[in-house]
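This report concerns only the one structure given below.
The values are calculated or read from the model by the stated rules, or taken from the named source; none is laboratory data. Everything quoted here is computed from the prediction, not taken from an experiment. Every residue, glycine as well, gets a Cβ built from its backbone with ideal geometry; the counts of neighbours run over all protein chains shown.
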Amino acid sequence: MDLKQSETIKNLLIQGNKVMIVVMKNGASPGEIAETVKRIKALGLKAHVIEGTERTVVAAIGEKREEMKEALESGDGVEEVMPILAPYKVASLEVKPEPTVVTAGSLSVGGKALGIIGGPCSVESEEQIMNSARVVKAAGGTALRGGAFKPRTSPYSFQGMKEEGLKLLAAARDETGLAVVTEVLATDDVDLVANYADVLQIGARNMQNYRLLEAVGNTDRAVLLKRGASATMDEFLLAAEYILNEGNPNVMLCERGIRTFESHTRFTLPLASVTYLHHKTHLPVVIDPSHGTGHAYMVPDMAVAAVAAGADGLIIEMHPNPPEAMSDGYQSLTPEQFDQTLARCKTVAGAIGKSL
Ligand code: PEP
Ligand code: MN
């Protein structure tokens, strides 16, 4: 199918239609196409002929039944019949076969160059975030992370510097040119955070906060959507769908580990998610080896492995002084470790035809 055809199918799907695609053979005659349309109508479905540069496809629209596929496939000039099965429609590769490249300021994720987001879990002070930004920049990172609104398990833990933290992130961007990635916790805060951030992070705890997903979908900011700790891949992709459906195409999917019976790591980091997601969606995939392991000593190897697995980007926690961190210090790299990790990632990226 060519791009124009997939765009037409996408439009049909966005309108809420159930669609089955009848792909005609290259060079199918007008008579065979007309016959296919007749067969589709006889099954009680609507037919929509979509001409292409190479071949014609006919969208069969309506409630489909199992036997319809066979009935249509036996028609003269028919190459194959593809039911659109993915429950996520706009995120699906069936609808957009070429990868999406998300760009937000200095950050680009989804192309040949890896997007590397580094920085502390939380913004803590001007000195801390400025130092972090300089380290990220010098090491070859392409964006700065730092939470100003923190989703903490305990209400007694540090909750973030809020707007003051956002201002510090913006100042760090002014100095270094690094795009700012920061979490938005609540629908009410979306406008405020979008005022300062280049990328809005939706945290794992909020992956299924549908009103929040819609709200970020209505901004012109890129979104880093983290996988919920117990979300299935379908749930993850459908969450992305909420954002895309509001008209925001700039969504990055972030695998940050899931909860399993295992306790040697904070979460279990499935790197197979990279391959699976690339098989199902055109959206770029970012790996978070920091939350995915919960131990600083494991982060470098998992970062390198993620690059080898084909991840489009990484988000890594780095703190100028991890033992003093107000959140997630135990999984934060020191500046030196961060620098060394990126150097290793660069070597692997080069070996698989990518750059950093
Ligand atoms: C974070 O990035 O610091 C964070 C809270 O991430 P997650 O939502 O993946 O736990
Ligand atoms: Mn964190």
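Scanning the range 307-338 for residues that are away from ligand 1 (no atom under 15 Å from the Cβ) and within 25 Å of the chain's Cα centre (by Cα) gives VAL307, ALA308, ALA309, GLY310, ALA311, ASP312, PHE338. For the range 191-208, filtered to residues that are touching a helix residue (DSSP H, G or I) at 6+ places or on another chain (Cβ under 8 Å), within 14 Å of ligand 1 (Cβ to nearest atom) and part of a loop (DSSP other than H, G, I, E, B), the residue that is farthest from ARG256 (Cα to Cα) is ALA197.
Report, by residue number, each residue of the range 305-321 that is surrounded by 20 or more Cβ atoms within 10 Å (Cβ to Cβ) and in a helix (DSSP H, G or I). Of everything in the range 305-321, those that are surrounded by 20 or more Cβ atoms within 10 Å (Cβ to Cβ) and in a helix (DSSP H, G or I) turn out to be ALA306, VAL307. The set of residues in the range 166-189 that are surrounded by fewer than 22 Cβ atoms within 10 Å (Cβ to Cβ) and either closer than 17 Å to LEU225 by Cβ or not hydrophobic (A, V, I, L, M, F, W, C) (or both) comprises LYS167, ARG173, ASP174, GLU175, THR176, GLY177, ALA186, THR187, ASP188, ASP189. Within the range 95-107, can one find any residue that is within 16 Å of ligand 1 (Cβ to nearest atom) and touching a residue at least 12 places away in the same chain (Cβ under 8 Å)? Yes, the conditions are met somewhere in the range 95-107.
Taking the criterion of being in a helix (DSSP H, G or I) and touching a residue at least 60 places away in the same chain (Cβ under 8 Å), the only residue of the range 156-173 that qualifies is ARG173. Looking at ASN11, ASN17, just one residue is within 15 Å of LYS89 (Cβ to Cβ) and free of Cβ contacts under 8 Å to residues at least 12 places away in the same chain, and that residue is ASN11.
A quick yes/no check of all residues on (1) within 18 Å of ILE9 (Cα to Cα); (2) not aliphatic (A, V, I, L, M):
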{"residue": "GLY27", "(1), (2)": "no, yes"}
{"residue": "PRO30", "(1), (2)": "no, yes"}
{"residue": "LEU45", "(1), (2)": "yes, no"}
{"residue": "HIS48", "(1), (2)": "yes, yes"}
{"residue": "GLU51", "(1), (2)": "yes, yes"}
{"residue": "ARG55", "(1), (2)": "yes, yes"}
{"residue": "GLU63", "(1), (2)": "yes, yes"}
{"residue": "GLU66", "(1), (2)": "no, yes"}
{"residue": "GLU73", "(1), (2)": "no, yes"}
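The C-beta contact set for the range 287-300 (first residue on the phi > 0 side of the Ramachandran plot and modelled with pLDDT of 95 or more, second residue of a type in the set (Ser, Thr, Tyr) and more than 12 Å from ligand 1 (Cβ to nearest atom), distance under 9 angstrom, 6+ apart or interchain) comprises GLY294/THR265; GLY294/TYR330. Among all positions in the range 185-197, there is no residue which is within 16 Å of the chain's Cα centre (by Cα) and within 19 Å of ASP288 (Cβ to Cβ). Suppose we keep only residues that are in contact (Cβ under 8 Å) with a residue 60 or more places away in the chain and in a loop (DSSP other than H, G, I, E, B) within the range 322-356. Which one would you say is surrounded by the fewest Cβ atoms within 10 Å (Cβ to Cβ)? Per the criteria, the residue is GLY353.
Annotation: of all residues in the range 259-293 being within 16 Å of ligand 2 (Cβ to nearest atom) and surrounded by fewer than 19 Cβ atoms within 10 Å (Cβ to Cβ), the one that is farthest from ASP339 (Cα to Cα) is ARG259. Out of curiosity, is THR182 assigned to a loop (DSSP other than H, G, I, E, B) and out of contact with any Cys (no Cβ under 8 Å at 6 or more places or on another chain)? Answer is no for this residue.
One line per residue, one yes/no per condition, for (1) away from ligand 1 (no atom under 16 Å from the Cβ); (2) on the phi > 0 side of the Ramachandran plot; (3) assigned to a loop (DSSP other than H, G, I, E, B); (4) touching a Lys or Arg at 6+ places or on another chain (Cβ under 6 Å):
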{"residue": "MET82", "(1), (2), (3), (4)": "yes, no, no, no"}
{"residue": "VAL90", "(1), (2), (3), (4)": "yes, no, yes, no"}
{"residue": "GLY111", "(1), (2), (3), (4)": "yes, no, yes, no"}
{"residue": "GLU127", "(1), (2), (3), (4)": "yes, no, no, no"}
{"residue": "LEU144", "(1), (2), (3), (4)": "no, no, no, no"}
{"residue": "SER154", "(1), (2), (3), (4)": "no, no, yes, no"}
{"residue": "GLU175", "(1), (2), (3), (4)": "yes, no, no, no"}
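Filtered by the rule that a residue be part of a helix (DSSP H, G or I) and either under 13 Å from ALA60 (Cα atoms) or of a type in the set (A, V, I, L, M) (or both), the range 9-34 gives ILE9, LEU12, LEU13, ILE14, ILE33, ALA34.
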